[in-house]
Amino acid sequence: MSELKVNKISPRSGTDVTLGDSGDTFTLPTGVTLDTSNSTVTLPDGTVTNAKISDSTIELAKLSATGTKDATTFLRGDNTFAEAGGGKVLQVVHGTDETARETTSTTYASLTLNASITPSATSSKVLAIVNLATSSAFQDKYAFFTLYRGATDLGNSGGSGFFYTYDDIGSDVYMSGSFAHLDSPSSISSLSYTLYGKCTSGGKARINTNGGRSTITLIEIGA
C-alpha cells in the first residue's frame, strides 16, 4: 500500500477537488478527527438516519421550530411548539345549596345558588352545569329557571321551564331538573354565575324544599 504525505491539497485550477472515483471508499482510522467546524458539509439525502444519531444528542435549542419550548407544549407537524389545544379542561369549580328557596316573582329573581370562576385566558369558554332539586307549588303553574353571569341573563326569555302539578291527592310533586350553558365570557376577571327563577302568576319557583340539594358546576375549557 502506497502512502502520500502532504500538508495541503488545493485544486490545480478552479475551486473543486475530486477525491477518487465513483464506488471508491475512503476510510478514516480510529482516533482520526475530521474537523469541519469552519466549513459547510453537504451530505446526500438519506445518509443521516435515526440509527446514526446518538440518543439525547439534539437539544431543543438546536431546533428551528417556533413557539415556546417548555413542559406544557409539544412539537406540531407545522414545526411549531404549542399547547394541547381546544377542549383542554383548565379548572373546575363546584357550588352547592341545601337551603329551601322560592320566588313568586313573574320576572327573574335570584335563588342564591352560585359559583365564581376566574378564567385563565380571554379565549376560554365556561361550561356551566346546573342540577336542581325542585318541587311543585300549585296546580297548573309553570316555574322557569335561568343562569345569570353577573347581571347578564345567559338564557332566552323562557329559560329552562318546568311544568308542575299536584298529584291526585293534592300533594307536592318532587323532581330533579338540570340544564347546561356553554358561555364565552371573553374575560380573565372573576365571574359569578347565579341561578335565577320566575313563575307564572300565582305560582312559585322553588328549589331545595324538603331537604333537597342543588348544585352548580363551572368548567373552564381552553380554546
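Read-outs: derived from the displayed coordinates by stated rules, not from any lab. Predicted model, so just to flag it, every value in this text is computed and none were measured. Positions of Cβ are backbone-derived with ideal geometry, glycine not excepted, and every protein chain shown enters the neighbour counts.
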Any chance you could run the full-extension gain for LEU75 through SER116? It's 0.36 nm times the residue separation minus the Cα-Cα distance, nm to one decimal.
-> 11.3 nm
Sequence-separation-based contact order of the chain, relative, with Cα cut under 8 Å and 6+ spacing, percent = 29
Extension gain, THR104 back to GLN139 (0.36 nm per residue minus Cα-Cα distance, nm) = 11.2 nm
Hey, what do the phi angles of region 207-223 turn into as Karplus ³J(HN,Hα) couplings, whole Hz, using 6.51/-1.76/1.60 and θ = phi - 60°, x for Gly and Pro?
-> 9, 6, 6, 6, x, x, 10, 10, 9, 9, 10, 10, 10, 7, 10, x, 6
How high is the FRET efficiency between THR96 and ILE58 when r is their beta carbon distance and R₀ equals 35 Å, given to the nearest 0.05?
-> 0.10
Could you pull out every residue, at least 5 positions away or on a different chain, whose amide H is within less than 5 Å of the one on GLY67? Hs are placed 1.01 Å off N in the peptide plane, and Pro or chain starts have none.
-> PHE81
Please report, in whole Å, how far the alpha carbons of region 1-113 spread along each principal axis, starting with the longest.
-> 108, 32, 25
What is the count of Lys pairs in the chain whose alpha carbons sit under 28 Å apart, if the two are 8 or more places apart or on different chains?
-> 8
What residue among GLY77, GLY197, GLY14 has the largest mean-square fluctuation in a Gaussian network model of the chain, using Cα springs under 10 Å?
-> GLY14
If you build a Gaussian network model of the chain, linking Cα atoms that sit under 10 Å apart, which residue out of THR33, THR49, THR106 swings the most?
-> THR33
Express the C-alpha Rg of region 89-221 as a ratio against the empirical globular expectation 2.2 N^0.38 Å, rounded to two decimals.
-> 1.09
Check: C-alpha center region 169-203 vs C-alpha center region 1-71, spacing in Å is 70
If you bin every alpha carbon distance in the chain into 5 Å steps from zero, what whole percent lands in each bin?
-> 1, 5, 9, 11, 10, 7, 6, 5, 4, 4, 4, 4, 4, 4, 4, 4, 3, 3, 3, 2, 1, 1, 0, 0
Could you check which residue among ILE58, ILE207, ILE188 shows the biggest mean-square fluctuation in a GNM of the chain with a 10 Å Cα cutoff?
-> ILE58
For THR47 and ASN156 in one chain, what is 0.36 nm times their gap in residues minus the Cα-Cα distance, to one decimal in nm?
-> 32.8 nm
